[in-house]
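Since every read-out is calculated from the coordinates, none of them should be taken as a lab result. Predicted model, so just to flag it, every value in this text is computed and none were measured. Using ideal geometry, Cβ is built from the backbone for each residue, glycine included, and neighbour counts are taken over all protein chains shown.
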Amino acid sequence: MPHFGPFAAGCTAILLLLAGCGGGPERAALSGRACLARLSAHDISYRPVDIGDPSDSHCQVDTAVKISRIHAAFNHPATMSCALADRLDEFEREVVQPLALDELGSRATRIDHLGSYSCRRQNSRTAGCWSQHAQGQAIDIAGFRLSDGTTVSIERDWNESGAKGQFLRHLAHRACRYFSVVLTPDSNAEHYDHLHLDIGPDRLCSA
């Protein structure tokens, strides 16, 4: 998530930005057994996890799961809320796979990410607003590997004028229909190498 200065000014600035933002998801998030049942029904590779007793009350994850594969495999397992895993499943089925096939000619077989759950404030600062990563409600996507062996990287390909860059920009734009906040390399310097996707209460489509 971006940094907007000291704590008070930063959070106020974010709220002002979000107040005028539209087009975010309205769907209610699942939790508990109903959410886990949906992951199982969609053949997602997961296991429920206990993230222990976080030292800060901001770092509580509703129905925490460790995901190794949605439909495409993750480059490494990620701990997140079940609600986020369910939203990623929907996004991959309805956007990632058809868009990759249409624009790049192959399906995605691996999703490269930089992490999901992390008990921290925005941009890992010592003060300021808490990140949605702290509740397992956010994930940072760095790129994809396709079935033909092609790799697509946010850092390398975002500003490319060809098919890979177009795919990533179209993907980010469509992500705004599934996630409350979408941040890209165009948002700020902190996001030069990934897309930040979250299902928190704030709304900002920066794509």
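Between residue 42 and residue 76, how high is the FRET efficiency from 1/(1 + (r/R0)^6) when r is the Cβ-Cβ distance and R₀ = 22 Å? Nearest 0.05.
0.60
Less than 10 Å Cβ to Cβ from residue 45, Lys/Arg counted +1 and Asp/Glu -1: what total charge do the surrounding residues give?
Net charge around residue 45: +2.
Using a simple spin-label model with points 7 Å from Cα along the Cα→Cβ vector, what separation in nm is obtained for residue 188 and residue 170?
Here the answer is 3.0 nm between the modelled labels.
Counting only C-alpha contacts under 8 Å and six or more residues apart, can you give the relative contact order of segment 97-207 as a whole percent?
Averaging sequence separation for qualifying contacts and normalising by length gives 24 percent for segment 97-207.
How charged is the neighbourhood of residue 77? Take every other residue with its Cβ under 11 Å from the Cβ of residue 77, and add Lys/Arg as +1 and Asp/Glu as -1.
The answer is +3.
Could you list log10 I(q)/I(0) for segment 158-207 at q = 0.27 Å⁻¹, which the Debye formula gives when each Cα is one point scatterer?
Cα-only, vacuum Debye calculation for segment 158-207: -1.01.
Once you order the gyration tensor axes a ≥ b ≥ c over the Cα atoms, which shape class does segment 111-201 get: rounded for a/c under 1.5, otherwise prolate or oblate by comparing a/b with b/c?
prolate
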